[in-house]
Protein chains: 2
Amino acid sequence: MSPAQRHPTMADVAERAGVSASTVSRTLRGYASVSAEVRERVERAARELNFAISRQAASLVTGKTGVVAVLVPILNSWFVGSALEGLGPVLRAAGLELVVYYVPDMAARADFFERLPARRNADALLVFSFDLTEEESARLDDLQMPVIYVSQHAEGRASVYVDDVAGALGGTRHLLNLGHRRIGFLRAIGVSGFTFSSNERLTGYRQALTEAGVPLDDDLVVGAVLGQDRTVVEAVGRLLSLQQPPTALFVEQDELAVAVLSTLRTSGFDVPERLSVLGFDDHDIARWAGLSTIAQSPTDIGRAAGELACALIETPDADRERHIVLPTHLIPRASTAPLMPPSATPEESRGAASDGRGTASGA
Amino acid sequence: MSPAQRHPTMADVAERAGVSASTVSRTLRGYASVSAEVRERVERAARELNFAISRQAASLVTGKTGVVAVLVPILNSWFVGSALEGLGPVLRAAGLELVVYYVPDMAARADFFERLPARRNADALLVFSFDLTEEESARLDDLQMPVIYVSQHAEGRASVYVDDVAGALGGTRHLLNLGHRRIGFLRAIGVSGFTFSSNERLTGYRQALTEAGVPLDDDLVVGAVLGQDRTVVEAVGRLLSLQQPPTALFVEQDELAVAVLSTLRTSGFDVPERLSVLGFDDHDIARWAGLSTIAQSPTDIGRAAGELACALIETPDADRERHIVLPTHLIPRASTAPLMPPSATPEESRGAASDGRGTASGA
DNA sequence: CTGAAAGCGCTAACAC
DNA sequence: GTGTTAGCGCTTTCAG
């Protein structure tokens, strides 16, 4: 067979450049100890032969795979997609490749933890938004590589996440500052096995109410399942039919908040006139929907996770329990407004809870 | 150092099981020629040692990397995300890993085609939605591995895509069947370097009009840039201010169509009463927005691409110019309606072109 | 500054 | 059925 059938090896490049394979290796890896003249010859030979190094062979001897693996429960998602986009450039800059373990269901998950294919085939593992069992985490612990938990705080392990408590605190304060006192909270009832920072956000909400002297009322905290519109309708209905219905609603996730907006719009219930709605995430659809929200940046999270991964790969004896906590910020849009509608006298705005009567409007 | 510090190798497993490394290799790869008793011992030893095979070492000798690479311009995207979700299970079933080359800009792109990191490090490459130059395609041609173009027809190369012409034809017929005769078409002016099947969809639109005897009118074909709402507003404005404005609008992409809906809603222009709007894709937001659309399934595309990749990897002498064309189907929702509003007499619905006056309605 | 030699962990002939 | 042997294509001592 002609040599074109087979990938050229370093030996081929070496022969063409009239040097040894070692020299080719040193040259291609940028060692300073190679003379300019030899470097020139080697680089030309490599180019002419279309030589590409085999990571496999290299990693066999170095022990490094040149790969960072991510474990994700979903790929068609704003959060994961954005995080991977943040991660990508970091890895490229470090000369690392990205392998994706897509584990959408329990069967795939069991298989992953059973075989742990990342072992020996990656230099670090990023775990996205999984609510792992202690046993699963333990399996990852003896993977002999840095494992970084993304978008969740993992006790005793490296992790990158946003400050959900502070975010929810700030969001709730925003509603309080607008004069609202009856503030509902809509939780996302997640698919089990995944984590959505639900508890932290609820904590921040409660903390803000407490520091403002507003009594907590469990009736104001309801839940709905993302994607099941019926549960959204029910949850909203439950809130609005309370003796003292809320005048503002903090929804744990933008996607859910948008479903709320759509439900309210359908029933002719004006936002923000009769109910202010605040989301969390700054998902793309929040902008579409004009939803006020607490923004987090998944891209930043991905980038930070990538940088942490690189750092931990480089210094194997580094602090493997480092936590990187990213900030959030409020983005006020059209879905939140001061308690009293402009048609009422603004001076009253610190008055008692409204009974929810705003401007009536037909479809 | 204790052996726990280092990954166990096949030799370790072999020693523990009291057999040779070859036997371990054969056992772990499921060769039938291994006796039940030995298989048992080997598997136990492997489990006890937490042995994981090194792909690197294996691929060094087999020449197969066990990796399928994808080249994507974006990751935070409904299409790419869904396609990867379709691809994932196929690869897992075949024991292949997924590596992602995320190439968001021209610099990264130049670098990718310069170094071609996939060379020697993957068994197949899936190219997503890139509008490659002939030179770039040629580079991929001599990659010595199957290259599959996803979501585009690549002449003389393997590809997987939906039938955009037929889809747009069907969509336009839907509008024609509803009685519309003045039908606008909104093109997505893409970021250059990416492909969005724009021309094919326009072709289908024209074909449907022609076969229905409706004269083509270039004034009805306008363009807008996704993400730049100003361009959407302008395009829609241009259409509506025509002497004979359209009564229906076919928008090349759902995301753009949703921007159109939002523009129209803002200006109090009722959909579908005064303008029917039809999208293309069946993007998640189409459901949110109640947008009628021509559905394609990126998941199916990803799955088909994965299966094609596996097939081409298995049979190196297979037909490397295979095209897989997937169907689309119409999903009617609330954004398209018969030409005449219900308030008019239904019998008139086949009458002359309306001048666009529907039910007047304040906000 | 460069070359020779050894070996990373595995698989594929080939013996037995 | 199972063991032995010889590399796969690199990097890394170690000489010089």
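The values are calculated or read from the model by the stated rules, or taken from the named source; none is laboratory data. It should be emphasised that the depicted structure is a prediction, and the values quoted were computed from it without experimental measurement. In this analysis, Cβ positions are derived from the backbone assuming ideal geometry, glycine residues included, and neighbour counts consider all displayed protein chains.
Filtering A:G30, A:G63 for residues that are surrounded by fewer than 19 Cβ atoms within 10 Å (Cβ to Cβ), within 13 Å of another protein chain (Cβ to nearest Cβ), within 16 Å of DNA strand D (Cβ to nearest atom) and at positive phi leaves a single hit, A:G63. The single condition from (1) over 25 Å from B:P298 (Cα atoms); (2) in contact (Cβ under 8 Å) with a residue 40 or more places away in the chain; (3) among the hydroxyl-bearing types (S, T, Y) that A:T133 fails is (2).
Looking across B:R39, B:R44, B:R26, one residue alone is more than 26 Å from B:R115 (Cα to Cα) and within 9 Å of DNA strand C (Cβ to nearest atom). It is B:R26. Summed over the range B:105-121, the residues that are facing another protein chain (nearest Cβ under 7 Å) and over 20 Å from B:T65 (Cβ atoms) give a count of 1. When the test is whether a residue is among the acidic types (D, E), touching a helix residue (DSSP H, G or I) at 6+ places or on another chain (Cβ under 8 Å), more than 16 Å from DNA strand D (Cβ to nearest atom) and at the interface with another protein chain (Cβ under 7 Å from one of its Cβ atoms), A:E97 does not pass it. Has the range A:3-23 got at least one residue that is more than 19 Å from B:Y102 (Cα to Cα), buried (at least 21 other Cβ atoms within 10 Å of the Cβ), near DNA strand C (Cβ under 9 Å from one of its atoms) and more than 10 Å from chain B (Cβ to nearest Cβ)? Yes: the range A:3-23 contains one or more residues that are more than 19 Å from B:Y102 (Cα to Cα), buried (at least 21 other Cβ atoms within 10 Å of the Cβ), near DNA strand C (Cβ under 9 Å from one of its atoms) and more than 10 Å from chain B (Cβ to nearest Cβ). A single member of A:A83, A:A69, A:A158 is more than 16 Å from DNA strand D (Cβ to nearest atom), surrounded by 23 or more Cβ atoms within 10 Å (Cβ to Cβ), within 24 Å of A:N199 (Cα to Cα) and within 10 Å of chain B (Cβ to nearest Cβ), and it is A:A83.
Taken over the range A:158-185, the residue count meeting the criterion of being polar (S, T, N, Q) and touching a strand residue (DSSP E or B) at 6+ places or on another chain (Cβ under 8 Å) is 2. Applying a threshold of 8 Å to beta carbon distances and a minimum spacing of six or more residues, or different chains, the list of pairs starting in the range B:46-73 at a residue that is free of Cβ contacts under 8 Å to residues at least 12 places away in the same chain and ending at one that is assigned to a strand (DSSP E or B) and among the polar types (S, T, N, Q) is empty.
Criterion applied to A:L339, A:L278 was being touching a Ser or Thr at 6+ places or on another chain (Cβ under 6 Å) and either within 14 Å of another protein chain (Cβ to nearest Cβ) or within 30 Å of A:L75 (Cα to Cα) (or both), and the one residue passing it is A:L278.
Within the range A:23-65, the set of residues being in contact with a Ser or Thr (Cβ under 6 Å, 6 or more places away or on another chain) and within 28 Å of A:V147 (Cβ to Cβ) comprises A:Q56, A:S59, A:T65. When every residue of the range B:48-58 is checked against the conditions, none turns out to be under 27 Å from B:A304 (Cα atoms), at the interface with another protein chain (Cβ under 10 Å from one of its Cβ atoms), crowded, with 17+ Cβ neighbours inside 10 Å and aromatic (F, W, Y). If you check B:V127 against the conditions, is it more than 9 Å from every other protein chain (Cβ to nearest Cβ), under 26 Å from A:D123 (Cβ atoms) and modelled with pLDDT of 95 or more? Considered against the rule, which asks whether it is more than 9 Å from every other protein chain (Cβ to nearest Cβ), under 26 Å from A:D123 (Cβ atoms) and modelled with pLDDT of 95 or more, B:V127 comes out as no. Put simply, of A:A36, A:A57 the only residue that is within 12 Å of DNA strand D (Cβ to nearest atom) and hydrophobic (A, V, I, L, M, F, W, C) is A:A57.
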